[in-house]
1. Round to a whole angstrom and tell me the spacing of the C-alpha centers of the range 37-57 and the range 105-146.
2. Order these peptides, 49-59, 106-116, 147-157, by their mean beta-carbon neighbour count within 10 angstrom, highest first.
3. Between GLN178, GLN81, GLN143, where does the largest GNM mean-square fluctuation fall for the chain, given springs only between Cα atoms within less than 10 Å?
4. From the phi of every residue in the range 143-149, what ³J(HN,Hα) in whole Hz does the Karplus formula 6.51 cos²θ - 1.76 cosθ + 1.60 yield, where θ is phi - 60° and glycine or proline is x?
5. What's the local net charge at TYR130, with K and R +1, D and E -1, over the other residues with C-beta under 10 Å away?
6. Each residue of the range 55-66 in order: what ³J(HN,Hα) in whole Hz does its phi give by Karplus 6.51 cos²θ - 1.76 cosθ + 1.60, θ = phi - 60°, with x for Gly and Pro?
7. Could you pull out every residue, at least 5 positions away or on a different chain, whose amide H is within less than 5 Å of the one on SER92? Hs are placed 1.01 Å off N in the peptide plane, and Pro or chain starts have none.
8. State whether the range 17-76 is rounded, prolate or oblate according to the following rule on the C-alpha gyration tensor (a ≥ b ≥ c being the square roots of its eigenvalues): a/c under 1.5 gives rounded; otherwise a/b larger than b/c gives prolate, and the remaining case gives oblate.
Amino acid sequence: GLETLGLSYEPFVGPCMQYLDQAVKWCRELGLHLVLDLHAAPGFQNKKETCGRADEGWSAWTWNADATVGVLALLASHYAQRGWAGVVRGISVLHAPSPDIDNGDLADFYCKAYSALRLGGLAGPDVAIYFPVSYRSLEQLRQHGFPHKEMQNIILDLQLYHTKGDKWLSYKARQHLQAAQDPGSHTPGLPHVLAAGCEVCVSEWNLQLPFADVR
């Protein structure tokens, strides 16, 4: 548990691993695979409700990167020991890290998280590791050593939001599709990641469409 890391479960109730285990068991029974996504990291990774607690006073320094690595190591060991890596086919190391988190700090965390998950027993051929890169410079992450060539079965995770600003409201469905493929629509965009030779996943694609137009 988190106590081994010197942490408490506050402000949440935990650990409640039995519920997550039950979901994994159901997936195994139904022949499904799943990807675990760490939404709430120790110290939180952004100021929005997406990390489990909305807090406008949050600052990047409150996120505990080392403890987050420790949590991932616990998850890796938990599922590797139970032989469930064949069901848990992926882990996303951190949901929606704030753009306020320094690229160097994030790259360092990503490298440590990768090592912790692999050393914890989640082997490269069996389990993919997802790293969110939305609102990031891929070049700056590379300058800080992420990803490095020894990493196996990694996927860079993008979220494409077409919701902020009046222009999205005027777009037809076809225009949204074109924007998703346009390198200038997002930083980084889908073409940027593909051009870098990396596997990519779009975990969230949120469209703002007029109610009457689904063309």
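The values are calculated or read from the model by the stated rules, or taken from the named source; none is laboratory data. Since this is a predicted model, take the numbers as computed values, not measurements. Note that each Cβ is placed from the backbone with ideal geometry, even for glycine, and that neighbours are counted across all protein chains shown. Keep in mind that these areas ignore ligands, DNA and RNA; they rest on the heavy atoms of the full protein, side chains included. Shrake-Rupley method; radii C 1.70, N 1.55, O 1.52, S 1.80 Å.
1. Their Cα centres are 19 Å away from one another.
2. Ranked by mean Cβ neighbours within 10 Å, highest first: 106-116, 147-157, 49-59.
3. GLN178
4. Couplings: 4, 9, x, 10, x, 10, 5 Hz.
5. Numbers: positive: none; negative: ASP37, ASP157, GLU199.
After counting each charged neighbour, the total is -3.
6. Values, residue by residue: 7, 5, x, 5, 10, 4, 5, 6, 5, 9, 5, 5 Hz.
7. Amide H to amide H, under 5 Å and 5 or more residues apart or across chains, SER92 pairs with LEU36, ASP37, LEU38, TYR130.
8. On the way: a/c = 3.52, a/b = 2.10, b/c = 1.68.
Prolate.
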